[in-house]
């Protein structure tokens, strides 16, 4: 067999040439994905003078850890923001996953009489939304959440798109007969949900959990709208603020030059990049833990039967 | 049927709950106007400071006896300001005083977001009215009414050419000869040849002596001198062509960076890599700039001081129509702008904590002022009652007064164009301007070729219709003046 290997290749394997091309292509793609981040790390370690003089360089003229020392000097705010971000992400994801799965499970069961109405209700919000101002009024004036940590969590808990995904997932992957047998054995609805549905749907749940985690971690807009108290500013919002302040300075040079002392505390390019590194790290580190589920979860949309 | 009824019932309960909840809120908000101490909610621009609470405890102790009110000041960071303040105003959030400026002020005043304070200026704000430069109050009128308290500071704009003094001295340039853009040429040449590390011109847009209806990018203006009744497209004038030609010549000679038209480089002053730049001045600006840059800067005016809409509406504290007690808010603004103790407390912090003061009322910052209570002076109120720093000239505020008095009033001062009738044309024109203006004003392209192209496109986009509309509104406004 071996001597004939050339002619009768294993049909499961790629032709060596194709293999090389695909490997190179995927390699380029992988580098394109990871390169910006490596570049950011390099810039964060470049000395400020070198940036002013030569712009961003792959191999900078002078290295420096000034940017990280600067971040260390503002560690009070940084740790605080880290804490807020972590709290919001963990609690937010937990609440969000629970609410979405509850809702999706209910409208996925044929026994539930109003499931059409509630499906439409969720679906409706995907097509029409109230807009920014009504949202703001509800959050600040009805719920009075302004300057509380809940303003960062609650507006993002429900997401119609995830509800529809989960509903489809429950309908396709959890067969009615399993639930029926559980019911015959005398399990309550809660028990069915947490001990049967939940483990069976883990891939789907992990997928929306990952989406939520990313959503909460990267969100800065809620903080922009609802948070004035510096103690409640999450990490991404802190980063956005610095960027927005730099932009403001550029556009209002006259104010900036007259009130120099006000803006002297705004960090420079390298410090900005160092903050990006610090803000991205936790998400990059936690990703592999989700990946396993993520891959199986992605087939949700595909037809299974 | 039974189930459906139950569902409806539940729905009503929920709706009812929400309604009562907001009803409650309204009834509690009504209290506090009489007898009780009223809390004034004040939103202003700037990075939130750690010591704000501490300073405002002092402020409240002081003003409680005077006007029976307390103030809660909330700062919103520079970059967040525009979006956040707009959402707050649009949502009708209840608050009392808010910082505003420029076109935001005019639009919100026209929308009815701010209280017209003309009547209050004769009652609660009597002292304030006497204190503030009448040009400012006159200039910020929208449809004949005043909608806020302007910061009493420089009321005029004067654009200047600023020079790096070290290089001026080194090559012995005579700055008194500089009047126009063309006069810079010999100096730029010397710098270009002898100073390889210096960019002769920090990127700026060529100055043109027009009073703009919107801003310098949009093709609607009235000349400061000559026929000041007619709105024109200033990109069609010979002067513009000449100026842009000069700028193009400078660009070709390499006096400007090659990416001038697109670069976002802000040319921070503390980096000494430029020879000449443009900016707006105020009395003793060179001192402030030199202090910030840590090397000397010297300026030459490019125009006479002129009072324009932008220069009078640079910083305004307006009272919101959602305020439960506008009179109290006015009383506070009155006190803030006339009482030196309060004004300095809000601006500089607490004496001996944030600054020290000697017998002559001359102050010096302590580290805590920079680190823990660093607020933007220009936005908060009257400048003329602020303490002076040791390195401030003694006659600083007199010079401000002179500067304001010497200023010429622009033809459109107090005229605010309502762009609703020609919104579509204006959007198209904005796009065309964005495309051509940066390249032309920095000299990046040849004006002989591109300026006619620019004007042709503007014509096609409905320039004449817009000019006509502006002209008719302008005439109407002039007739009522």
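Using only the Cα atoms of the range B:58-215, construct the convex hull and provide its projected area averaged over every direction, in square nanometres to one decimal. Spell out each step's value before the answer.
Numbers: hull surface 59.1 nm².
With every direction weighted equally, the projected area is 14.8 nm².
What Kirkwood hydrodynamic radius, in Å, does the range A:1-115 give when the mean of 1/r is taken over all pairs of distinct Cα atoms and then inverted? Walk me through the numbers on the way to the answer.
Details: mean 1/r = 0.0478 Å⁻¹.
One decimal place: 20.9 Å for the Kirkwood radius.
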Q. With a ≥ b ≥ c the root eigenvalues of the C-alpha gyration tensor of the range A:98-160, is it rounded (a/c under 1.5), prolate (a/b larger than b/c) or oblate?
A. prolate
**Q.** Cα-based shape type of the range B:54-115, given that a ≥ b ≥ c are square roots of the gyration tensor eigenvalues and the cut on a/c is 1.5
**A.** prolate
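Using Cβ counts within 10 Å as a stand-in for footprinting exposure, how do A:15, B:248, B:383 rank, fewest first? Show your work: numbers first, answer last.
Details: A:15 10, B:248 23, B:383 20.
Going from sparsest to densest Cβ surroundings: A:15, B:383, B:248.
In µm²/s, what is D for the range B:172-240 at 20 °C and 1.002 mPa s, where D = kT/(6 pi eta Rh) by Stokes-Einstein and Rh is the Kirkwood radius from Cα pairs? It would help to have the intermediate numbers written out before the result.
Values: Rh = 14.5 Å.
Roughly 148 µm²/s, to the nearest whole number.
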Q) Per-residue ellipticity at 222 nm for chain B, helices alone: DSSP H runs ≥ 4 residues times -39500 (n - 2.57), over residue total, nearest 500 deg cm²/dmol? A) -13500 deg cm²/dmol
Q: Rounded to the nearest Å, what's the spacing between the alpha carbon centres of the range B:94-137 and the range B:311-325? Just the number, please.
A: 5 Å
Q. Considering the Cα trace of chain B, what is its radius of gyration and what is Dmax, both in angstroms?
A. 26.0, 97
Q: Using only Cα atoms, tell me the angle between helix B:238-252 and the longest principal axis of chain B; keep it within 0 to 90° and round to the nearest 10.
A: 80 degrees
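Could you estimate the translational diffusion coefficient of the range B:313-453 from the Stokes-Einstein equation, with Rh from the Kirkwood formula over C-alpha pairs, at 10 °C and 1.306 mPa s, in whole µm²/s?
79 µm²/s
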Q: May I have the extent of the alpha carbons of the range A:74-301 along their three principal axes, as whole Å values ordered from largest to smallest?
A: 77, 38, 27
Q.
If the elastic network links every pair of Cα atoms under 10 Å, which of A:27, A:76, A:215 fluctuates the most in the Gaussian network model of chain A?
A. A:27
Q. Under a point spin-label approximation (7 Å from Cα along Cα-to-Cβ), what is the residue B:131-residue B:390 distance to one decimal in nm?
A. 2.8 nm
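Tell me, what are the semi-axes, in whole angstrom and largest first, of the equivalent ellipsoid of the range B:274-338 as set by the roots of 5 times the Cα gyration tensor eigenvalues? Walk me through the numbers before you get to the answer.
Working: eigenvalues 273, 45, 22 Å².
Listed largest to smallest, the semi-axes of the range B:274-338 are 37, 15, 10 Å.
Taking other Cβ within 10 Å of each residue's Cβ, how do B:432, B:222 sort, fewest first?
On the way: B:432 19, B:222 23.
In increasing order of surrounding Cβ atoms, one gets B:432, B:222.
Could you state the per residue volume, in Å³, of the convex hull enclosing the Cα atoms of the protein assembly as shown? Intermediate values should be presented prior to the final figure.
Values: hull volume 199.4 nm³, N = 786.
Each residue corresponds to 254 Å³ of Cα convex hull volume.
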Q: Starting with the fewest neighbours, write out B:372, A:183, B:423 ranked by other beta-carbon atoms found within 10 Å of each beta-carbon.
A: B:423, A:183, B:372
(Q) Over chain A, with a Gaussian network built from C-alpha contacts below 10 Å, which listed residue (A:184, A:21, A:165) shows the highest mean-square fluctuation? (A) A:21
Q) What residue among A:41, A:285, A:24 shows peak mean-square fluctuation when chain A is described by a Gaussian network model with Cα springs under 10 Å? A) A:24
Q.
On alpha carbon coordinates alone, what is the Rg over Rh value for the range B:386-481, Rh being the Kirkwood radius?
A. 1.19
Q | Degrees separating the helix B:185-194 axis from the principal Cα axis of chain B, which is the longest one | A | 80 degrees
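With each run of n ≥ 4 DSSP H residues scored as -39500 (n - 2.57), what mean residue ellipticity at 222 nm is computed for chain A after dividing by its residue count and rounding to the nearest 500 deg cm²/dmol? Display every interim value, and only then the final one.
Working: 15 runs with 203 residues, N = 305.
So the calculated ellipticity at 222 nm is -21500 deg cm²/dmol.
Read-outs throughout are calculated quantities, based only on the coordinates presented, and are distinct from any laboratory measurement. Bear in mind that the values here come from a model prediction, so they are computed numbers and not experimental data. In this analysis, Cβ positions are derived from the backbone assuming ideal geometry, glycine residues included, and neighbour counts consider all displayed protein chains.
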